[in-house]
Amino acid sequence: MRVAVVGGGMAGLAAAHELAAGGAEVVLLEGSDRVGGKLRLGEVGGITLDLGAESVLARRPEGLDLIHAVGLDDRVVHPATITASIWTHGALRSMPPTVMGVPADADALAASGIALMPEPRILPVPDEDVSVADFVTARLGRDVLDRLVEPLLGGVYAGHTDQLSLRATTPQIAALGEDLVSAAAEHRAASDSTGPVFAGLVGGVGQLPAAVVAAHDVEVRLSSTVRSITRAGDGWRLSVGPTTDVETLDVDAVVVATPAPAAARLLAEEAPDAAFALAAIDYASMAIITFVFDDAVVPDGSGFLVPPVDGTFIKAATVSSNKWGWVGDTGRTVIRTSVGRAGETTLLQHDDGELGRRALVDLREALGTLPDPADQVVQRWGGGLPQYDVGHLDRVETVERSVEGVRGLEVCGAAYRGVGIPAVIASGRAAARRLLDAGMIES
């Protein structure tokens, strides 16, 4: 049986890998000139570094499972340090223990000087979905939200807590129940003994996409935009390529692994309810600016987050040469900064030179004297992060119900139930397994 996977990000690659392992003939169609989505390697100052995601969550199995399956086990590493700070009130302040920004130690929070927390209010968890901001502020006050929760979620989703869904983005907070601080303390005590939180690869996690492609005989077509998907008898017909030279591709099943806007367009005819729900998912753009310095002296620690309420240009910085031993072994100082949140469209209209200049101003204010960088690279991720706004899981359920009724059609990707690498891989694998389990493919 022949299956088309539309989209060559990590969800599409994971789906293709699972399908090929199950005996399918797979053709993967990617509209750009590369696979990997938000995983990308690039050279900065003569060092090959991650220009997108640089780690996977180690406490979910899917990322490390795929790394094992494609033979990259010997390159797995864990951070040399995960000690992080919050840059606020004019100084770098050690981040106290938290669960997604909910303080697990009120004394440590007070000593940090990061935020003022009133006496926590004990309130029931609502049955309906609410924004993260509404939930946290009612229980812990606005300062905890602004200076702890907001910067953490800004780093993950590039969104705003007054819009982000509690149940879709921070189920860990909802699961704490009525007494947030007490439950956070118990949660932290239990999780401290469960092993490393993150993992990476020597040479960068951006190596993973090529390894996945090489693991099976999957036909990969780059610069192949899929323009339509329609029923053709018992199978599917795809229109692929530029409007001046459209190719027809007939397959038995299709996995749509594109961002929500493209998926909405492709599903409009065959799964209109899904298309309508997908069209309601907004996306945020952001950029990662990577600096390489010679002879720079920086504080210990993996980096820092920045509360947007403080009005800085950057929202976070990672000192990669502290965090990853293989980067530190180069003898250079490598710092990644991220900029851009949902709705900040004008910020990213600056050219690369201006983005780098403004990010460097913030870095020097936060870290002290820094020399001019030996090199810098700006990687823009336009429309890169789906926004899980209030009601997001209801929209996802609508998509899933709609697609479930269409034989031979599946969807997956970051638009649904998680934006991290393991969650996206899980989405792709699950889509493939549904086709395999439905007997669409002879395995």
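Find out how many positive minus negative residues lie around Glu30, taking Lys and Arg as positive, Asp and Glu as negative, among other residues whose Cβ is under 15 Å from that of Glu30. Net charge in that neighbourhood comes out at +2. Using θ = phi - 60° in the Karplus curve 6.51 cos²θ - 1.76 cosθ + 1.60, the 3J(HN,Hα) couplings for the range 80-86 round to 6, 8, 10, 5, 10, 10, 10 Hz; x is entered for Gly and Pro. Give me the net charge of Thr137's neighbourhood, meaning all other residues with Cβ under 12 Å from the Cβ of Thr137; Lys, Arg count +1, Asp, Glu -1. With Lys, Arg at +1 and Asp, Glu at -1, the net is -2. Largest first, the three principal axis extents of the alpha carbons in the range 27-82 are 35, 34, 19 Å in whole numbers.
Relative to its Kirkwood radius, the Cα radius of gyration of the chain gives an Rg/Rh of 0.97.
Note on the chain: helix-only mean residue ellipticity at 222 nm, from DSSP H runs of 4+ residues weighted -39500 (n - 2.57) and normalised by residue number, equals -9000 deg cm²/dmol.
Packing, taken as the mean count of other beta carbons within 10 Å per residue, orders the peptides 54-67, 238-251 from highest to lowest as 54-67, 238-251. Amide H contacts of Ala284: Gly384, Leu385, Gln387, each under 5 Å away and 5 or more positions distant or on a separate chain (H built 1.01 Å from N in the peptide plane; Pro and chain starts excluded).
Here, the range 283-386 has an Rg and a Dmax of 13.4, 38 Å when only alpha carbons are counted.
With a/c under 1.5 counting as rounded, go ahead and sort the range 98-184 into rounded, prolate or oblate using the C-alpha gyration tensor (a ≥ b ≥ c being the square roots of the eigenvalues; past the cut-off, prolate if a/b is larger than b/c, else oblate). Here the range 98-184 falls in the oblate category. In a solvent-free Debye calculation with one equal scatterer on each Cα, what is log10 I(q)/I(0) for the range 371-443 at q = 0.17, 0.21, 0.23, 0.27 Å⁻¹, listed in the order of the q values? The Cα Debye sum returns log10 ratios of -0.76, -0.99, -1.10, -1.26. Summarising the amide proton neighbourhood of Val220: residues at separation of 5 or more, or on other chains, whose placed amide H is nearer than 5 Å comprise Leu28. Using only Cα coordinates, the Kirkwood hydrodynamic radius of the range 159-212 works out to 14.4 Å. Prolate is the label for the range 224-347. Its Cα gyration tensor axes, ordered a ≥ b ≥ c, give a/c of at least 1.5 and a/b above b/c.
Can you give me the convex hull volume of the Cα atoms of the range 146-291, divided per residue and expressed in Å³? Here the figure is 235 Å³ per residue.
Throughout, read-outs are computed from the coordinates displayed, never taken from laboratory work. In this text, all values refer to a predicted model and were calculated from it rather than measured experimentally. So basically every Cβ, Gly included, is an ideal-geometry build from the backbone, and we count neighbours across all protein chains shown.
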